[in-house]
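Before any comments, here is the structure.
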Amino acid sequence: GGAGTTTAGLVFGGGTPTAVATTLKYNGTSWTAVNSLATARDQLSGCGVQTSAVAIGGKVSAAVSNLTEEFDGTNWSSGGTLNTARYRLASAGLSSPSVMAFGGATGTSPSGVQSAITEIYNGSAWTEVGDLNTARYYLGGSVSGTVTSALAFGGAINEGPTTGRLMPNTELWNGTSWSNSTDLNTGNSNLS
């Protein structure tokens, strides 16, 4: 997961290839290790700024996670759990308590099952709201978005046990629902 700006960035979790809890701050020139996530996980999403970030979902070993952790600039603390555990999801929002998570994959099959679920976080609990028009995973979300204005773009869908398709879809969130917008020129996945 990641959050922040080009001069105050934050990255956390991931795999090397096993899941890690590492958190690194970026000051525009160099990276510094800081307090780690409480739970190591990969394929998670993150949003916010360096002093108020949120780590969402992911995979812990082979299990799909519904965990949320909040970063205050120094330490991570546990937050409310997602209603639907997901990994390979996207998120948007500038800081807790105003973030959202959408799309992703559920299940533990090799590719998971694409999801259209959208949830909004109020700092203590997640609430499911209007689903994406196109279910997908490995999509990107606007990090500068808010719970009243966000962007979801690209991603992938399953087309069989070992095949998938890259998606060009772009959707805009207006605070209540998603609407289709101008597609990417080319389908892409693993976006951030």
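The values are calculated or read from the model by the stated rules, or taken from the named source; none is laboratory data. No experiment lies behind these values; they were computed from the predicted model shown. Reconstructed Cβ throughout: ideal geometry from the backbone, glycine too, with neighbour counts over all protein chains shown. The accessibility values were calculated without ligands, DNA or RNA, using every heavy atom of the protein model including side chains. Shrake-Rupley method; radii C 1.70, N 1.55, O 1.52, S 1.80 Å.
Restricting attention to region 1-29, the residues that are open to solvent by 50 Å² or more (accessible area, probe 1.4 Å) and part of a loop (DSSP other than H, G, I, E, B) total 9. Kindly establish whether Gly140 is closer than 23 Å to Ser177 by Cα and at pLDDT 90 or above. Spelling it out, Gly140 is indeed closer than 23 Å to Ser177 by Cα and at pLDDT 90 or above.
Set side by side, the residues Thr127, Thr51, Thr134 differ, and just one is within 17 Å of Ala152 (Cβ to Cβ) and surrounded by fewer than 24 Cβ atoms within 10 Å (Cβ to Cβ), which is Thr134. With the condition kept exactly as written, say whether any residue in region 61-76 is surrounded by 23 or more Cβ atoms within 10 Å (Cβ to Cβ) and closer than 21 Å to Asn190 by Cβ. Within region 61-76, one or more residues are surrounded by 23 or more Cβ atoms within 10 Å (Cβ to Cβ) and closer than 21 Å to Asn190 by Cβ.
Condition check ((1) of a type in the set (A, V, I, L, M, F, W, C); (2) over 25 Å from Asn83 (Cβ atoms)) across all residues:
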{"site": "Thr16", "(1), (2)": "no, yes"}
{"site": "Asn35", "(1), (2)": "no, yes"}
{"site": "Asp42", "(1), (2)": "no, no"}
{"site": "Gly46", "(1), (2)": "no, no"}
{"site": "Val60", "(1), (2)": "yes, no"}
{"site": "Val64", "(1), (2)": "yes, no"}
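The listed residues are Asn122, Asn83, Asn66, and the only one of them that is more than 20 Å from Gly4 (Cβ to Cβ) and without any contact (Cβ under 8 Å) to a residue 24 or more places away in the chain turns out to be Asn66. Looking across region 80-112, not a single residue is charged (D, E, K, R), open to solvent by 10 Å² or more (accessible area, probe 1.4 Å) and at pLDDT 95 or above.
Every test in (1) at pLDDT below 95; (2) over 16 Å from Leu44 (Cα atoms) is passed by Leu132 save one, and that test is (1).
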